[in-house]
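Participant: I am attaching a structure below and will ask some questions about it afterwards.
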Amino acid sequence: PILSYNENGVLTATISNGENCEVRKITFNICDVKAEVPNVFSPNNDENNDVFRPVVIHESQQENLIINSLKVFSRWGNEIYSSSNTNAGWAGNHGSNVASEEVYFFNVTYTLSGGCIFNKKGNVTLVR
């Protein structure tokens, strides 16, 4: 196989037979930015964890994260929040009402620099 890597974080593996005929080409996006989805947040206006959304490990790289879709559901499966805004984040509301302290379920799709797309599902606890 022939491996090539470019400055945009793309790794390409090309496999060919012995006669210069390309048999398979596989491309991987290598992300150098890491992101996490918190499992608890506290929307109490103290400017610490007030909004639920994925965050990059190094705050200086937050602009490298684009949220494609963020959905939050109650434990009964009712959709509480949905957004496709690139800076989306759930502030702990259900419409115009304050959401209860409990465990909610989320489904988020986000893109990091280099074109890496991630889809994560899990739960988040709202604490006031």
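Coordinate-derived values only; no laboratory data. Since the structure is predicted, the reported quantities are computational estimates derived from the model, not experimental observations. Cβ placement follows ideal geometry from the backbone for every residue including glycine, while neighbour counts extend to all protein chains displayed.
Participant: What distance in nm separates the simple spin-label points at ASN68 and VAL55, each placed 7 Å from Cα in the Cβ direction?
Facilitator: Label-label distance for ASN68 and VAL55, simple model: 2.4 nm.
Participant: Name the residue, out of LYS25, LYS71, LYS34, whose mean-square fluctuation peaks in a Gaussian network model built on the chain with Cα pairs under 10 Å.
Facilitator: Comparing LYS25, LYS71, LYS34 in a Gaussian network model of the chain, the most mobile one is LYS25.
Participant: Now a separate question. Given contacts defined as C-alpha pairs under 8 Å and at least six residues apart, what's the relative contact order of region 60-112, whole-number percent?
Facilitator: Once normalised by length, the contact order is 46 percent.
Participant: Under 5 Å between amide H atoms, partner at least 5 residues away or on a different chain: which partners does GLY92 have, H built in plane at 1.01 Å?
Facilitator: It is PHE52, by chain and number.
Participant: At R0 = 41 Å, how high is the FRET efficiency between PHE105 and ILE2 if r is their beta carbon distance? Nearest 0.05 is fine.
Facilitator: Taking R0 as 41 Å, the efficiency between PHE105 and ILE2 is 0.40.
Participant: Output the peptides 104-113, 77-86 sorted from most to least packed, where packing is the average of other Cβ atoms within 10 Å over each peptide's residues.
Facilitator: The packing order, highest mean first, is 104-113, 77-86.
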